[in-house]
Every structure is written in structure tokens, then in C-alpha cells.
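Reading through the C-alpha cells given below for one structure.
The values are calculated or read from the model by the stated rules, or taken from the named source; none is laboratory data. The model shown is predicted, which means the values in this text are computed figures rather than measured ones. Cβ sites come from the backbone with ideal geometry, for glycine too, and all protein chains shown count toward neighbours. For the accessible areas, the whole protein counts, side chains as well, though only heavy atoms, and no ligand, DNA or RNA atoms are used. Shrake-Rupley method; radii C 1.70, N 1.55, O 1.52, S 1.80 Å.
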Amino acid sequence: MTSYQVQTGGKLYIAGEYAILNPGQTALLINIPIKMTGQIEDHSDFVIYSDMFDYCVGLEEDKNYKFIQAAIETMALFMGKKVTDLPAFKLTINGKMEANGKKYGIGSSGSVTVLTIKALAVFYNLKLTKDLIFKLASYTLLKLGDNGSMGDIACIAYDDLISYRSFDREMVKSWLVDKSFEEIIQADWHYAIQVIKPQLAMTLLVGWTKQPSISREMIIRVKSKINQSFLEKIEKATLICQKSLEAGDKNKFITSLESLSNLLNNLDQSIYHPKLRQLKEASLGLDSVAKSSGSGGGDCGIAFTFTKQAEKEIKTRWAEDDIELIYQKSWGTYD
Ligand code: PMV
Ligand code: MG
């Protein structure tokens, strides 16, 4: 009996949200190692189970299982076979990326899509690069009509701190009707994904507001407000943010994140949900910087601290405001 286990994590945006929805823009994202696990084994027929739901399915269409089923479909295309002609498996997925029934908002739909691709790759003995996993997962989501930038997929596929330059999704979507699967996967989509190594001594704190927000709806609400000036300002600040991280320039890093935060705050009032405002205000007067992350409207926000005292104080302030620290990561050592 063959059985394999694979894992994927979550992601959070550091810089470039909303602007990244336009082709050629840059965003910075960090992997969040709160894991989802997939177990895949030989089985007489296809059985898929996720702990998000209280039932399992086969290959018959099921709305709740659409990401997993669509990823299986993509992998069958990749192998040039019909799903039903492939050796059957049982795929069990655990790790909900939530607490008390409320999602963290760290990318569970992207994570489950990448996880399914990774699970089928080990099961059918295919060697996939991170880049190919990104393309296969993006193809799957585009086919499903996802309206996101695929930055989440890039970060989850690379499982690292990355800079992502977006491709033209309308262009790739148009290929779905006039190009073959092989042509689409082989084509140059003109995106770029690069791993970043920060040279600053700092700690990232991830605060969860416990207010679930739906990115798809936030995008629909905010999208029409994105104009050329916003795109240019975000791009400039995001590139400064990346450069200052890599060069270890703390002051520039802080000012770039502050301007990114202000630009988001001015874009639409729903982004800075009152809990995210509290989360950000907790960084005031401390050697730190904080902002919303991703679409905003709830979910998580982030803070970077540069001293032990700032780290401690933000944690205290967040706790007082019922903002839960769900993850932290340090680079270098301070104090
Ligand atoms: O809320 P999140 O972490 O899913 O991030 C959404 C970020 C947007 O730029 C608003 C949309 C996207 O898909 O990039
Ligand atoms: Mg979100």
C-alpha cells in the first residue's frame, strides 16, 4: 500500500495589495507556516475528504470541493489522460487554517489547490518545479473564474518570502479558449517570482482580528477605484520596500510600509476595518511599523518590530484589543 503525505502553508501580503491585480505590478508576500496536510493513498475508487466539510466526495461535481476537484482535473490534463483512466486514490486533507470556525484569512483556497497538485504529483511520480506548480495552480484558479492576482499561489508554491510580478490574467484566460493545455503551460506568461532574503534584524508579528473578510468581495468593491496614480505610487513604495529589506535599510523600510499603508487607507474606507486600525495604532510610539495585509476588511494585519521592547509592547496592546498573535518570525537578532 503506497501512501504519501504533502504539506502546504499559508501566505500574507506585505506590500502591493490591490495594485498587484494589474499586470506587471509587484507585490511582496510572506509564507505563513500554519500547515495543511494532504495524505494520498491507493484506493479502489476516487475518494476526497477535507476536514473543512463533514462529508467526502468522489469525482461527481461538488461546490465545496471545487478547488480540489479542479486541481485533479488539471493534473489529469497535465498527464494527458482522463481522470477516470488514472489509478484511483483516496485524498484526505486536514488543517483548516482557522480557529473556532473563523478563518484566519491566510489563503486556504490557494493552499488547498497547491496541496492537491503536490499530492497528485507524488502519487503519480511526477517531478514538478515550484514554478510549474505555480502555473498549474494558477491555471486551475483561472479556469474556476477566480478574480485574484495569483500572488497567494506564488507565495504558497515557493513557500518563502517572495516578490511577485503579476502576469496579464485576461491574456492567459483568453488562451483557455484558443490554445491547448500544453501550449498554455509552455507559454511565457511574463510573471516573475523571486525569493527575498531580508537583511534587517526584526520580528514579524501577525495579528488576527477575528473578523472574517472575503477577498473576492473586497476586490469587486475596491477595483474600480484603482487608478494609474495609485498603481505608480504603490509600485514605487513596494520596490523601495523590497530594496530596503535586502539592503538592511530600516528607515526606508519603515517609511515605505507607512506610505503603502496610507495609500490603502485612502483607496477605500472598508480596507481599514476598525480592528485593523487598532492593530496598526498599537505600533504608535514604538520602534515598529504596522499595516493591514491583503484585501483588508478584517482577517490579519502585520507588524514589524525592531526592539524586544516594541515586540513586547505591541503584543500587550494587541491582547488588550482582543487581537490574537497567530504567528511570529524573526530575522537576525536585536537588543
Ligand atoms: O486578503 P488576501 O490575503 O487574500 O489578499 C488579497 C490581496 C489583493 O491584492 C486585494 C487581491 C489579490 O488577489 O492579489
Ligand atoms: Mg484577506
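Within 16 Å of ILE30 (Cβ to Cβ), of a type outside the set (A, V, I, L, M), more than 16 Å from ligand 1 (Cβ to nearest atom) and open to solvent by 10 Å² or more (accessible area, probe 1.4 Å) - does that describe any residue in segment 313-324? No, segment 313-324 contains no residue that is within 16 Å of ILE30 (Cβ to Cβ), of a type outside the set (A, V, I, L, M), more than 16 Å from ligand 1 (Cβ to nearest atom) and open to solvent by 10 Å² or more (accessible area, probe 1.4 Å).
Against the list (1) more than 16 Å from ligand 1 (Cβ to nearest atom); (2) within 24 Å of GLU217 (Cα to Cα); (3) surrounded by fewer than 17 Cβ atoms within 10 Å (Cβ to Cβ), the condition SER330 fails is (2). Here is the figure for segment 74-101: residues that are surrounded by 15 or more Cβ atoms within 10 Å (Cβ to Cβ) and among the acidic types (Asp, Glu) total 1. The single condition from (1) within 16 Å of ligand 2 (Cβ to nearest atom); (2) open to solvent by 30 Å² or more (accessible area, probe 1.4 Å) that PHE53 fails is (1).
Is it the case that SER270 is within 16 Å of ligand 2 (Cβ to nearest atom), polar (S, T, N, Q), at pLDDT 95 or above and not in a loop (DSSP other than H, G, I, E, B)? No; evaluated as a whole, the condition is false for this residue.
Scan segment 308-316 and give yes if some residue there is away from ligand 2 (no atom under 16 Å from the Cβ), closer than 11 Å to LEU205 by Cβ and of a type in the set (Ser, Thr, Tyr), otherwise no. Within segment 308-316, none of the residues are away from ligand 2 (no atom under 16 Å from the Cβ), closer than 11 Å to LEU205 by Cβ and of a type in the set (Ser, Thr, Tyr).
Of the numbered criteria (1) within 16 Å of ligand 1 (Cβ to nearest atom); (2) not in a helix (DSSP H, G or I), the one SER109 fails is (2).
Please note which strands (runs of 3 or more DSSP E) are completely contained in segment 1-74 and include at least 1 residues that are more than 16 Å from ligand 1 (Cβ to nearest atom) and touching an Asp or Glu at 6+ places or on another chain (Cβ under 7 Å).
Working: elements: 3-15, 26-42, 47-50.
Counting at least 1 such residues, we get 3-15.
Helices (runs of 4 or more DSSP H) fully within segment 136-249 that include at least 3 residues being open to solvent by less than 10 Å² (accessible area, probe 1.4 Å) and farther than 23 Å from LYS280 by Cα: 151-158. Within segment 255-289, the set of residues being within 25 Å of TYR334 (Cβ to Cβ), without any contact (Cβ under 8 Å) to a residue 40 or more places away in the chain and either out of contact with any Ser or Thr (no Cβ under 7 Å at 6 or more places or on another chain) or of a type outside the set (Asp, Glu) (or both) comprises THR255, GLU258, SER259, SER261, LYS280, GLU281, SER283, LEU284, GLY285, LEU286, SER288, VAL289. Number of residues in segment 107-147 that are at positive phi and among the acidic types (Asp, Glu) equals 0. Restricting ILE254, ILE302, ILE240 to those that are among the hydrophobic types (A, V, I, L, M, F, W, C) and closer than 19 Å to CYS155 by Cβ reduces the list to ILE302.
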